[in-house]
Amino acid sequence: MALPRHSKADLDFADDIVAFAVNLSRYEERLAREMSKMYDELSVDLRKLLDAENRQPGKLHKMKKARMEKLLVASRETVDSYAGNVAAESPATYGEVSSTG
């Protein structure tokens, strides 16, 4: 059985979709790196505050300390979740798109 022939317009359109997907992936990876960098900076700041509180208790209100600890955990979970989703979704998408030619 012969493979179906595609018009030049179809092939050009498929190439454009693949190029768009690659560019989107690059953008998502850059965003993930920037989010990770922001998390790292936030993490360092929060750790400094929490370590200072542990050395000299009483400077932070207990509720503020608890909120900062929750923020630290939630931020890491958000970054990990986003980065995992990008990595898991990308390869299948490109395989599906590139099989059109």
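We did not get these values from a lab; they are worked out from the coordinates using the rules stated. Given the structure is predicted, the values throughout are model-derived calculations rather than measurements. Cβ sites come from the backbone with ideal geometry, for glycine too, and all protein chains shown count toward neighbours.
Summary table
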quantity	calculated
Residue tally, condition surrounded by 10 or more Cβ atoms within 10 Å (Cβ to Cβ) and assigned to a helix (DSSP H, G or I), over segment 55-69	7
Out of Arg47, Arg30, Arg26, sole residue that is surrounded by 11 or more Cβ atoms within 10 Å (Cβ to Cβ) and part of a helix (DSSP H, G or I)	Arg47
Filter result for Leu42 (hydrophobic (A, V, I, L, M, F, W, C), surrounded by 10 or more Cβ atoms within 10 Å (Cβ to Cβ) and touching a Leu at 6+ places or on another chain (Cβ under 7 Å))	no
